[in-house]
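Notes follow the structure.
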Amino acid sequence: MQYHAPKSTCNLCGKEYTQRGLTKHVKSCLTKRLYNQHGIPYLYIVVRSSFNHDYFFHLLLSPTTTLKDLDAFLRNYWLECCGHVSAFAFERWGEEIPMSRKVNKVLSPGKTLEYQYDFGSTTELQIKCIADITAVAKGKKKIQVLSRNTQPIIPCDACGKFPATRICTACQWDGAGWLCEKCAPGHDCGEEMYFLPVVNSPRTGVCAYDGE
Ligand SMILES: [Zn+2]
Ligand SMILES: [Zn+2]
Ligand SMILES: [Zn+2]
Ligand SMILES: [Zn+2]
């Protein structure tokens, strides 16, 4: 089997799209379904892993959303293992933007932010603002999920036949160690070895991240 990223669903209409077609679709779907001239200004942003674009969130942010809210969301769904430090910046490794800032004060259509979680085993994300839209959205949530990537299928490094369900944290440093249920018990990397589950996050296999 080969690595592949299945299609993902637009939560507004329920249809499935490849990563390439998704942004264009969600943008037009948003206008069609939520635009209302008497609404309030929302931002449509896409957050993705800097090194694997198959991990992404398409989000709709209310005008009161702060960077702290976005940070909490990303920790909750993707990142939190042991309370590491995180930061937003305009450039990679650039000056930190205070978390109290509203997202709409630092982002507008076409602009991007960089985000880092954990300055040791860093997970890096890119945040791009796609559009702003005057809308009436359902619910009181500050952050609404318009789409989230379906978990990529990663083949086992040992047999190549089945999808990996566990990662050897010793091999992970070399970008290997993806193992299926059959091959994991026979894998021996010595005393330092332990397994983490394969989860739908760009932090899968890193530090102690287990998706919980
Ligand atoms: Zn749609
Ligand atoms: Zn950690
Ligand atoms: Zn295997
Ligand atoms: Zn190993």
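Observations on the structure shown:
- For region 154-212, the per residue solvent-accessible surface stands at 54 Å², with DNA, RNA and ligands left out and a 1.4 Å probe.
- Cα gyration tensor category, rounded, prolate or oblate, for region 154-212 with a/c compared to 1.5: oblate
- Surrounding net charge for ILE130, when Lys and Arg each add one and Asp and Glu each subtract one, Cβ distance under 11 Å: +3
- Net lengthening on full extension, LYS105/HIS38 (0.36 nm per residue, minus Cα-Cα): 22.0 nm
- Over region 28-94, the alpha carbon radius of gyration divided by the compact-protein estimate 2.2 N^0.38 Å works out to 1.33.
- Computed as a quarter of the hull surface, the mean projected area of the alpha carbon convex hull for the chain stands at 12.5 nm².
- Dividing the convex hull volume of the alpha carbon atoms of region 95-212 by its residue count gives 166 Å³ per residue.
- For region 71-102 versus region 161-206, the inter-centroid distance based on Cα atoms is 26 Å.
- Close amide H partners of VAL198, meaning residues 5 or more places away or on another chain with modelled amide H under 5 Å apart, are ARG166, ILE167.
- Rounded to 10°, Cα long-axis angle of helix 19-34 versus longest principal axis of the chain: 30
- Relative contact order for region 19-87, counting Cα pairs under 8 Å that sit 6 or more residues apart, in percent: 22
- Of the solvent-accessible surface of region 8-148, computed with a 1.4 Å probe and all protein chains present, 50% belongs to carbon and sulfur.
- Summed side-chain charge close to LEU59 - residues other than LEU59 whose Cβ falls under 12 Å, Lys, Arg +1, Asp, Glu -1: +4
- Between GLU181 and ALA208, the simple label model (points 7 Å from Cα in the Cβ direction) yields a spacing of 2.7 nm.
- Per-residue Karplus couplings for region 71-78, computed as 6.51 cos²θ - 1.76 cosθ + 1.60 with θ equal to phi - 60°, are listed in order as 4, 5, 4, 5, 4, 4, 8, 10 Hz, Gly and Pro entered as x.
- Largest to smallest in accessible area, the residues TRP178, TRP93, TRP78, TRP173 fall in the order TRP173, TRP93, TRP178, TRP78 (1.4 Å probe, all protein chains included).
- When the chain is treated as a Gaussian network with alpha carbon springs shorter than 10 Å, the biggest mean-square fluctuation among GLU191, GLU80, GLU95 belongs to GLU191.
- If R0 equals 22 Å, the separation of the Cβ atoms of THR122 and SER28 corresponds to a calculated FRET efficiency of about 0.05.
- Rounded to the nearest 500, the 222 nm mean residue ellipticity of the chain from helices alone is -4000 deg cm²/dmol, with -39,500 (n - 2.57) taken per DSSP H run of at least 4 residues.
- Among ILE127, ILE143, ILE97, residue whose mean-square fluctuation peaks in a GNM of the chain (springs only between Cα atoms under 10 Å): ILE97
- For the chain, a Gaussian network of Cα nodes joined below 10 Å ranks HIS38, HIS58, HIS187 by mean-square fluctuation, and the top entry is HIS38.
- Accessible heavy-atom area order of PHE51, PHE195, highest first, probe of 1.4 Å: PHE51, PHE195
The values are calculated or read from the model by the stated rules, or taken from the named source; none is laboratory data. Small disclaimer: the values here were computed from a predicted structure and weren't measured. Virtual Cβ from ideal backbone geometry, glycine too; neighbours counted across all protein chains shown. Surface areas here come from the heavy atoms of the whole protein model, side chains and all, with no ligands, DNA or RNA. Shrake-Rupley method; radii C 1.70, N 1.55, O 1.52, S 1.80 Å.
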